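Down below is the structure, laid out as structure tokens.
What follows is calculated from the coordinates using simple rules that are stated; it is not laboratory data. This is a predicted model, so every value here is computed, not measured. Methodologically, a virtual Cβ is constructed for each residue, glycine included, from the backbone with ideal geometry; neighbour enumeration extends over all protein chains shown.
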């Protein structure tokens, strides 16, 4: 035990004497949460709108006012012909153009039918989809309001309810994602680099010649990163609850259990990487390319897994973050218990067992 | 002048092959307690491989051997407790303080805190290192680091200490001082097994073996070797033998 404690103390010295790295590791979750929460928001707000309307009448004005009043849109001006619309799109002055047909209000009154054309800049298709959806909503709301007196005419009004995330906040989606990414980065990348550094410096040789048990070496190598990950987990939770107002709907204990399991998987991954590489650079490349990219792209953090081609869907099964993010969403956002994430927990447990077994076998006690 | 001729390292027909390549070819020798045994050879002659087998870092392909009375095949864990090791990279933890390195390695070898503290105090006085005690190792000059690395490798009073080119990159005066520490260690009954390619250092050894292409081509005291090869100094002895090498330096 004395061996183990001396060694764990040394590992903490290594990390905490390297002030820059500690700062990066502790600041990273904060920066990521802020980036995703405010800068890289997937919500579409203040989309610029230009209006083309030949007859300025009551209905047109009302609709424009409603559009302008919504937080999603900003009416930046009116134009007079289609050339000006083209110019507005080209210069980036507008993302959406609304074209009211001639005599809009009159047509609506007399024939009960009138047309608005919506033209969107769809260079960013997701954003275009979202604000088109918002604009159509605003228009149909207006329609319902004016048609209410003569109801009973067989009009179907769908009432949409957004479950678990009524305000459609993207924070509900990316908080679990950031959790999944940070843990992998700190545990897997940093652990593998820390072990490989001993190989590079030649100190691993000294350890192998000493009576130090390999298991102790591994345990003490991963312990500081385990502590750092738990601190980061706490930081992300505090930020998401108090700054982003994403509540923890389910049990915190369940969330903690799943997270500890995921940290364990990530540490085992780091260990495995360290057994197959001999330089810090290689370890960094493998964790960077081999872990970060799948976590970003194949975990469902940014792109929905359901939309992927079958091959990528298959690959995504091997990305631990996918199961973790799913479990976090279920517990944190939907508020369900551990019982609802048994599959995720099972897969993560299996991954942990396989990874630990392989890396312990491969961790070389002898230099060859 | 030294203690009874007790054998500490005994090796018979030791061989190590990597695929078709025979790195160490059928070597046999004995080292007595308190002896300074020089292990010489050009780069790629098989010195490091041979030494690693003795330290339990590498399993021999064939042959027999004991170190500190333990079998190199069956009891590598017991060997590890009885030896010290200093590699050519004089591997200390650069971001730890001087005393923290001593404490760490003391802890790894199972020494208790009181003994570690007492021995650290003694060592700092002996090396005149009291001002450096709280400094990070990376801030020390190379000669200091080497002295410290050697002190760490014998901190737990091993029976044998293996030194793999311990004095690379320092001037002859610093080397000479380093060798005074080695003599001091042998006076405490520690056997020293040292590889080097400085021929002036070979003269300081009690006995010297010279490896060429994985085989031991000569083994005797420096004086006897010089007579046998009719040479003025160890460098000439080495040159005569090394010329026979067929392997290209790696």
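For the residues of A:197-209, the average number of beta carbons from a partner chain within 10 Å of their own beta carbon is 5. The mean number of partner chain beta-carbon atoms within 10 angstrom of a residue's beta-carbon across peptide B:94-106 is 3.
Comparing B:238, B:73, B:193 in a Gaussian network model of chain B, where Cα atoms under 10 Å apart are tied by springs, the biggest mean-square fluctuation is seen for B:73.
Pairwise inverse Cα distances across segment A:47-147, averaged and inverted, put the Kirkwood hydrodynamic radius at 13.8 Å.
Binning at 10 angstrom from zero up to the longest distance, how are the C-alpha pair distances of segment B:7-242 distributed in percent? The calculated distribution, bin by bin, is 8, 32, 35, 20, 6, 0.
Label positions at residue A:340 and residue A:223, each projected 7 Å from the Cα along the C-beta direction, are separated by 3.8 nm. Rounded to 0.05, the FRET efficiency of the residue B:6 and residue A:123 pair, given R0 = 60 Å and the Cβ-Cβ distance, is 0.10. Oblate is the label for segment B:103-199, because the ratio a/c of its alpha-carbon gyration tensor axes (a ≥ b ≥ c) is 1.5 or higher and a/b is not greater than b/c. Using a Gaussian network model of chain A in which every pair of alpha carbons under 10 angstrom is joined by a spring, one finds that among A:294, A:214, A:166 the greatest mean-square fluctuation is at A:166.
Of all DSSP beta bridges confined to the protein assembly as shown, the antiparallel ones make up roughly 45%. With a Förster radius of 30 Å applied to the beta-carbon distance between residue A:215 and residue A:38, the computed FRET efficiency rounds to 0.10.
Rg and Dmax of segment A:88-247, both derived from C-alpha coordinates alone, stand at 29.3, 95 Å. Axis of helix A:58-69 versus longest Cα principal axis of chain A: the two differ by about 20°, to the nearest ten degrees.
The length gained by stretching the chain between residue B:244 and residue B:59 to full extension, at 0.36 nm per residue less their Cα-Cα distance, is 63.8 nm.
A Förster radius of 45 Å, combined with the Cβ-Cβ distance separating residue B:177 from residue A:22, puts the computed FRET efficiency at roughly 0.70. Take every DSSP beta bridge whose two residues both sit in segment A:47-147; close to 30 percent of them are antiparallel.
Taking the average, over residues, of other Cβ atoms within 10 Å as the packing measure, peptides A:317-329, B:94-106 rank A:317-329, B:94-106 from highest down. Prolate is the label for chain A, because a/c, from the alpha-carbon gyration tensor with a ≥ b ≥ c as root eigenvalues, is 1.5 or above and a/b exceeds b/c. Relative to the longest principal axis of the Cα atoms of chain A, the long axis of helix A:125-147 lies at roughly 40 degrees.
Dividing the Cα radius of gyration of the protein assembly as shown by 2.2 N^0.38 Å, with N the residue count, gives 1.43. Note on residue A:144 and residue A:103: the model spin-label points, each 7 Å out from Cα along the C-beta direction, lie 3.1 nm apart. Each of residue A:161 and residue A:293 was given a label point 7 Å from its Cα along the Cα-to-Cβ line. The distance between the two points is 4.4 nm.
Relative contact order, whole percent, for segment B:1-160 stands at 21, derived from Cα pairs under 8 Å and 6 or more residues apart.
For chain B, the longest principal axis of the C-alpha atoms and the axis of helix B:172-187 are separated by about 90°. Every helix of 4 or more DSSP H residues in the protein assembly as shown counts as -39500 (n - 2.57), and over all residues that averages to -15500 deg cm²/dmol at 222 nm. Answer rounded, prolate or oblate for segment A:256-304, using the Cα gyration tensor with square roots of eigenvalues a ≥ b ≥ c: rounded when a/c is under 1.5, else prolate when a/b is larger than b/c, else oblate. Note, shape of segment A:256-304 comes out oblate. Between residue B:71 and residue B:206, full extension at 0.36 nm per residue minus the direct alpha carbon distance yields a gain of 46.1 nm.
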